[in-house]
1. Provide the gained length on full extension for the span Arg101 to Leu49, in nm with one decimal, where the gain is 0.36 nm per separating residue minus the Cα-Cα distance.
2. Per Stokes-Einstein, at 25 °C and 0.890 mPa s, what whole-number D in µm² s⁻¹ belongs to segment 39-159, with the Kirkwood radius over Cα pairs as the hydrodynamic radius?
3. Quick check on packing: order 134-147, 193-206 by the mean number of other C-beta atoms within 10 Å, highest mean leading.
4. Within segment 85-108, find all residues whose amide N lies under 18 Å from a label point positioned 7 Å from the Cα of Arg122 along Cα-to-beta-carbon.
5. Quick check: pseudo-label points 7 Å beyond the Cα along Cα→Cβ at Ser73 and Asn255, how many nm apart are they?
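Every number in this text was worked out from the coordinates using simple rules, so none of it is lab data. Please read all numbers here as calculations on a predicted model, not as lab measurements. Note that we place each Cβ from the backbone using ideal geometry, even for glycine, and neighbour counts take in every protein chain shown.
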Amino acid sequence: MNKVQLVIAAIVAAFSLLSYFGSSSINPITGEKQHIGGMSQKDEVAMGLQSAPQMAAQMGGITQDARARALVSQVGAKVVAQSVAAKSGYPFKFHTLADPRTVNAFALPGGQVFITMALLSRLETEGQLAGVLGHEVGHVLARHSAEHIAKDQLAQGLTGAFAMGSGSMSATQIAQTVSQMTMLSYGRSDEIEADALGLRLMSEAGYDPRAMIRVMQILEKASGGSRTPEFQSSHPSPPHRIEEINARLAKAFPNGIPPGLKP
């Protein structure tokens with residue numbers, strides 16, 4: 001092992017760490033300190049707009065069902081307009097994908113939100129739809145994509161430095177495995193945070209947040225009761241998410257859910 005390699009590896013690692021930890025910002029919605037590199041909201045919006053057509057095409061394009069499109073757009077717009085999301089500055093847009101088999105909803109950076117017909121067709125109430133869309137809006141507000149991009153850059157830099165310094169392929173593979181496990185744990189944390197934000201947003205918009213419990217039951221049924229170990233998945237299991245939802249509802253509404261919210 002040559003000393004020059006070690007010096008270069010140390011410089012690469014130091015630069016990666018400095019780039020990640022050297023800049024931070026406070027999220028105005030969550031109040032959390034975040035490391036997102038130099039990515040601005042404008043960058044996130046541009047990235048989402050650029051990626052949206054390709055993502056839609058991969059899942060059958062936008063549905064031809066005009067009623068479904070209108071429902072998703074209207075409920076999504078209400079969740080945003082009547083909650084703290086309205087102050088975020090993100091230009092949210094809600095898309096209904098034609099895919100009849102993939103039960104999914106997701107958000108791109110900057111406010112492009114998608115739901116498949118496979119999931120939409122399984123939902124039973126407007127409140128459940130508001131919960132799903134609120135969850136995805138929560139990902140955008142929490143800037144999870146920007147966080148992941150910064151973490152990926154850090155992981156790549158450290159893995160490269162480790163490979164350079166060790167000169168061992170097996171050591172590099174170990175470093176990559178550790179990096180991947182770290183990304184998975186962040187993913188589960190993101191989902192729990194998005195659930196919490198979704199509950200807040202749908203409640204502010206006049207929807208009963210208990211509808212999210214039924215959404216989790218629907219997702220569990222759609223998964224066929226899969227029991228993949230939770231540490232191997234980027235999403236917490238529906239039963240675990242239901243426990244978290246019940247705990248948050250008990251804390252947010254100690255006197256019970258207010259009457260008059262839409263189910």
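1. On the way: separation 52, 0.36 × 52 = 18.72 nm, distance 2.48 nm.
Fully extending the segment from Arg101 to Leu49 adds 16.2 nm.
2. On the way: Rh = 14.8 Å.
Taking Rh from Cα pairs, D becomes 166 µm²/s.
3. Numbers: 134-147: 25.1, 193-206: 22.4.
Packing proxy ranking, top to bottom: 134-147, 193-206.
4. Of the residues in segment 85-108, 96-107 have backbone N under 18 Å from the label point off Arg122.
5. Once both label points are built, they end up 4.0 nm from each other.
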